[in-house]
1. Tell me, which residue of segment 8-32 that is more than 7 Å from ligand 1 (Cβ to nearest atom) and charged (D, E, K, R) is nearest to the chain's Cα centre (by Cα)?
2. Which residue pairs have Cβ atoms closer than 7 Å, lie 6 or more positions apart in sequence or on different chains, and pair a first residue in segment 56-75 that is at positive phi with a second residue that is not hydroxyl-bearing (S, T, Y)?
3. Please find, among E19, E56, the residue that is out of contact with any Gly (no Cβ under 9 Å at 6 or more places or on another chain), of a type in the set (D, E) and modelled with pLDDT of 95 or more.
4. With the requirement that a residue be assigned to a loop (DSSP other than H, G, I, E, B) and within 16 Å of ligand 2 (Cβ to nearest atom), what does segment 10-58 give you?
5. Please go through (1) over 27 Å from E108 (Cα atoms); (2) away from ligand 1 (no atom under 16 Å from the Cβ) for G35 and return the number of the only condition it doesn't satisfy.
6. Can you name the residue in segment 156-215 that is on the phi > 0 side of the Ramachandran plot and more than 16 Å from ligand 1 (Cβ to nearest atom) and, of all such residues, is modelled with the highest pLDDT?
7. Name the residues in segment 168-205 that are outside any helix (DSSP H, G or I), under 19 Å from I25 (Cβ atoms) and within 16 Å of ligand 2 (Cβ to nearest atom), would you?
8. If you check T165 against the conditions, is it out of contact with any strand residue (DSSP E or B) (no Cβ under 7 Å at 6 or more places or on another chain) and surrounded by 21 or more Cβ atoms within 10 Å (Cβ to Cβ)?
Amino acid sequence: MIELKNVTKIYDGNVVGVENLNLTIEDGEFVFVVGESGSGKSTFLKLLMRELKPDEGQVIIDGKDITKMRRSKIAALRRSMGIVFQDYRLLPRRTVYDNVAFALQVIETPGKKIKKSVPAALNLVGLVHKAKSYPNEISGGEQQRTAIARAIVNNPPLVIADEPTGNLDPRNSQEIMEVLEAINMRGTTVIIATHDKAIVNAMQKRVIHMENGIVVRDSGGGYDDL
Ligand code: ADP
Ligand code: MG
């Protein structure tokens with residue numbers, strides 16, 4: 001479970017990132033974080049990843065206040081999260097397979113486990129047939145699906161995606177959301193920041209709507225049901 005209590009992050013002493021955020025996300029939830037550019041979505045996600053420390057408040061993940069976490073524990077915290085970015089961040093000189101395998105190699109996973117886990121992750125995102133391709137040989141949607149496979153190959157309990165469809169057309173965006181929904185169905189908590197209204201309206205999930213660093217609505221349904 002994730003709990004934010006009175007969380008405030010102000011940049012440079014005067015720019016509001018988020019202000020007095022209070023919310024709870026249960027294990028296994030699928031949550032959209034929506035709002036205009038600059039409303040605080042990325043700040044919120046970065047606080048969850050401990051990429052930022054708040055000026056005030058607590059960010060509690062599975063009972064631990066990660067704002068107080070020691071530096072030596074932060075790498076392990078991040079490994080418990082599958083993180084997906086708008087710009088994919090694949091290694092250009094590695095194949096789809098090797099991009100996914102790399103996530104396991106860096107944490108010294110035994111070769112035998114890698115050989116099982118990578119095809120399973122590629123299967124989940126529908127990319128087994130592109131395993132030998134390089135990022136520049138596949139579409140943007142396929143690159144993002146590769147990035148998602150890399151994020152989930154180690155079975156993290158939480159996936160965080162910041163504008164994962166920001167560079168994609170509606171059809172590919174829809175496919176990416178279906179993949180993330182399938183991952184959620186297996187029990188993984190999924191948190192997605194987006195300003196893609198069509199998708200949010202189509203999926204009818206919990207929507208946390210932000211404006212100027214504040215949550216203005218938190219409920220199930222579409223984007224505009226204020
Ligand atoms: P969103 O992801 O919804 O577009 P952000 O969380 O990135 O919003 O930004 C929220 C506010 O904080 C914006 O006013 C933005 O300009 C500001 N901001 C974000 N990152 C920084 C930073 N590193 N330094 C200063 N201001 C920032
Ligand atoms: Mg952002």
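1. So, considering only residues that are more than 7 Å from ligand 1 (Cβ to nearest atom) and charged (D, E, K, R), the one nearest to the chain's Cα centre (by Cα) is E29.
2. If the second residue must be not hydroxyl-bearing (S, T, Y), the pairs left are G57/L4; G57/K5; G57/N6; G57/V7; D62/M1.
3. Working: E19 fails: out of contact with any Gly (no Cβ under 9 Å at 6 or more places or on another chain).
The conditions single out E56.
4. Quick first cut of segment 10-58, residues assigned to a loop (DSSP other than H, G, I, E, B) only: 12-14, 26-29, 35-40, 49-55.
Correct list: G35, E36, S37, G38, S39, G40, M49, E51, L52.
5. If we test G35 against (1) over 27 Å from E108 (Cα atoms); (2) away from ligand 1 (no atom under 16 Å from the Cβ), just (2) comes out false.
6. Checking each candidate, the answer is G187.
7. Residues of segment 168-205 outside any helix (DSSP H, G or I): 168-169, 186-196, 204-205.
Going one step further and asking which of them are under 19 Å from I25 (Cβ atoms), we end up with 186-194, 204-205.
I191, I192, A193, T194, listed by residue number.
8. Working: out of contact with any strand residue (DSSP E or B) (no Cβ under 7 Å at 6 or more places or on another chain): yes; surrounded by 21 or more Cβ atoms within 10 Å (Cβ to Cβ): yes.
Yes; evaluated as a whole, the condition is true for this residue.
The values are calculated or read from the model by the stated rules, or taken from the named source; none is laboratory data. What you see is a predicted model, and the numbers here were worked out from it, not measured in a lab. Using ideal geometry, Cβ is built from the backbone for each residue, glycine included, and neighbour counts are taken over all protein chains shown.
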